Amino acid sequence: MAFLSLPLSMIFILLTLHYGSSSDPIALRKTHEWKKLILTHHWPVTVCKMDQVQCENLPDYWTLHGLWPDKSQTCNKSWPFDYSEIKDIMTEMNKWWPDVLHPNKTQLWKHEWQKHGTCAASLEALNSQHKYFSKAIDMYKMTDLNSALQKSGIVPSTKYYQMKDITNALVAIYGVVPKIQCLLPQQGEDVQTLGQIEFCFTKEFQIRNCTDKRDALHFYEYRTNEELQVCDQELNTLYPPIKCLEEDCP
């Protein structure tokens with residue numbers, strides 16, 4: 001009863017001393033803990049379709065979207081993106097990790113570093129901007145999604161695919177379950193559009209399933225996109241060629 005009779009300001013101070021404040025280093029560290037890395041590819045045609053942009057000179061291959069730690073974002077706002085740190089890998093950055101919506105600009109890289117790179121930097125192998133971007137490109141090349149799909153006969157087409165065929169092909173090649181996302185049908189449509197494919201890795205950079213039930217709740221909480229959703233296994237799926245930006249596809 002004596003505790004309840006104290007002023008509210010005093011009660012707040014006592015509770016803070018007992019449980020710890022939001023500036024507590026241990027509490028902050030726990031807030032930014034993560035378990036796996038998500039190497040994210042996106043299909044340039046779908047990116048432009050989502051943003052209703054008439055893109056030009058698009059790559060005809062899957063490009064990097066980002067390298068994302070799960071369960072943590074924007075871990076260090078005082079660590080800004082510095083273009084000069086990655087000048088020596090700029091040729092590869094422009095080829096494999098382009099900003100398809102803003103060609104020859106750095107908005108995408110700045111966003112990815114500030115939102116995801118500052119969290120990935122808790123690993124020694126990723127604790128600089130050069131390490132982070134270089135490692136992501138190395139992982140992208142190692143995964144070689146473009147060749148994997150082509151070898152499985154899955155290529156951009158105006159014909160529709162069944163999601164089970166795409167999923168089974170990737171599982172057969174990589175031995176793990178990726179996360180495949182689509183732009184869902186608009187009203188009156190019954191076709192979804194392939195948009196993004198994510199591969200998951202351990203902190204030791206070993207590829208692993210993206211469907212771990214133990215942390216699926218957190219995984220999907222941080223990977224939600226208002227337009228891209230996990231593909232519906234029952235819907236016809238369009239893997240649109242570049243010409244779909246100029247024509248009505250489907």
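Largest first and in whole Å, give the semi-axes of segment 61-106's equivalent ellipsoid, each being the square root of 5 times a Cα gyration tensor eigenvalue.
Working from the Cα gyration tensor, I get semi-axes of 21, 16, 10 Å.
Looking only at Cα atoms, what is the convex hull volume of segment 33-102 per residue, in Å³?
So the per-residue hull volume is 126 Å³.
With the convex hull built on the Cα atoms of segment 142-193, state its orientation-averaged projected area in nm².
Working: hull surface 16.3 nm².
Mean orientational projected area (segment 142-193, Cα hull): 4.1 nm².
What is the spin-label model distance, in nm, from residue 173 to residue 124 if the labels are put 7 Å beyond Cα along the C-beta direction?
3.4 nm
In square nanometres, what is one fourth of the surface area of the convex hull spanned by the alpha carbons of segment 102-202?
So the mean shadow area of the Cα hull is 8.6 nm².
Name the long-range amide H neighbours of residue 35: under 5 Å, sequence gap of 5 or more, or other chain; modelled H, no Pro or chain starts.
Result for residue 35 returns 70.
Note down the nm distance, to one decimal, between modelled labels 7 Å out along Cα→Cβ at residue 88 and at residue 165.
A separation of 4.6 nm, rounded to one decimal place.
Pairs 87/151; 35/77; 77/105: which exceed 31 Å Cα-Cα?
87/151
If I take R0 = 30 Å and measure r between the Cβ atoms of residue 76 and residue 52 in this structure, what FRET efficiency does the formula 1/(1 + (r/R0)^6) give, to the nearest 0.05?
About 0.35, to the nearest 0.05.
Mind checking which aspartates and glutamates have their C-alpha under 18 Å from residue 243, skipping anything on the same chain fewer than 8 residues away?
Output for residue 243: 51, 56, 60.
Label-point separation (nm) for residue 151 and residue 249, each offset 7 Å from Cα along Cα-to-Cβ?
2.5 nm
Values quoted throughout were computed directly from the atomic coordinates according to the rules given, and no laboratory measurement underlies them. The structure presented is a predicted model; accordingly, all values stated were derived computationally and were not measured. All Cβ positions, glycine included, derive from the backbone under ideal geometry; neighbour counts span all protein chains shown.
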